[in-house]
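Student: Let me give you the structure first, and then I'll get to my questions.
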Amino acid sequence: MTEQSQAAAADPDFYPGRVAGDAGPEQIDWTALRAAARLIKEKAYAPYSGFPVGAAALVDDGRIVTGCNVENASYGVGLCAECGLVSSLNATGGGRLVAFTCVGPDGESLMPCGRCRQLLYEFGGPELLVETSHGIVPMTQVLPDAFGPSDLSRATGPTHT
Ligand SMILES: [Zn+2]
């Protein structure tokens, strides 16, 4: 039995690359995450709003993925920093988001917008820890009663014709 299959047998929530045990807020290097978010914020393309945003997240295998907002002359198609972050997550090997932070122009914590809360939920689930201006909170507080992948897997009755 491999180490991973033993872990999977012992823990129904196991998935490859998961941080062993419960990764509580105190085990996360939030200073490093904020630094990564502030660094990537400098790469933002925000000529229209003048509101650069940087986001950084810890992945369950220890990677840090980042993203910055990218605006467009056609304002409505601008991309939030979280869009780049989840793209980077998948482009660099996938995995689950464990901890997330986002900073605005002043380098201080910024809440993800509604759309991005859904993006984060897809890749971090209810356990994802999110840094906010009022502390570290789980995704269940950032996006209560979330719709997620498990809702799609439930049977919904006869197929409509
Ligand atoms: Zn957003």
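The values are calculated or read from the model by the stated rules, or taken from the named source; none is laboratory data. Predicted, not measured: the structure shown is a model, and the values here were computed from it. Cβ placement follows ideal geometry from the backbone for every residue including glycine, while neighbour counts extend to all protein chains displayed.
Student: Please verify whether segment 130-148 includes one or more residues that are touching a residue at least 60 places away in the same chain (Cβ under 8 Å) and under 14 Å from L85 (Cβ atoms).
Tutor: yes
Yes or no, residue by residue, for (1) under 18 Å from G104 (Cα atoms); (2) at pLDDT 95 or above; (3) part of a helix (DSSP H, G or I):
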residue: Q6; (1), (2), (3): no, no, yes
residue: F14; (1), (2), (3): no, no, no
residue: A23; (1), (2), (3): no, no, no
residue: T31; (1), (2), (3): yes, yes, yes
residue: A35; (1), (2), (3): yes, yes, yes
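Here is a yes/no grid of residues against (1) assigned to a strand (DSSP E or B); (2) within 14 Å of the ligand (Cβ to nearest atom); (3) aliphatic (A, V, I, L, M); (4) more than 20 Å from S109 (Cβ to Cβ):
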site: I40; (1), (2), (3), (4): no, no, yes, no
site: L58; (1), (2), (3), (4): yes, no, yes, no
site: G76; (1), (2), (3), (4): no, yes, no, yes
site: E82; (1), (2), (3), (4): no, yes, no, no
site: V86; (1), (2), (3), (4): no, yes, yes, no
site: N90; (1), (2), (3), (4): no, no, no, yes
site: G95; (1), (2), (3), (4): no, no, no, yes
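Student: What number goes with the only condition from (1) touching a strand residue (DSSP E or B) at 6+ places or on another chain (Cβ under 9 Å); (2) at pLDDT below 95; (3) not aliphatic (A, V, I, L, M) that S88 does not pass?
Tutor: Condition not satisfied by S88: (2).
Student: Considering only segment 60-74, how many residues are within 20 Å of E122 (Cβ to Cβ), within 15 Å of the ligand (Cβ to nearest atom) and surrounded by fewer than 19 Cβ atoms within 10 Å (Cβ to Cβ)?
Tutor: Here the count works out to 1.
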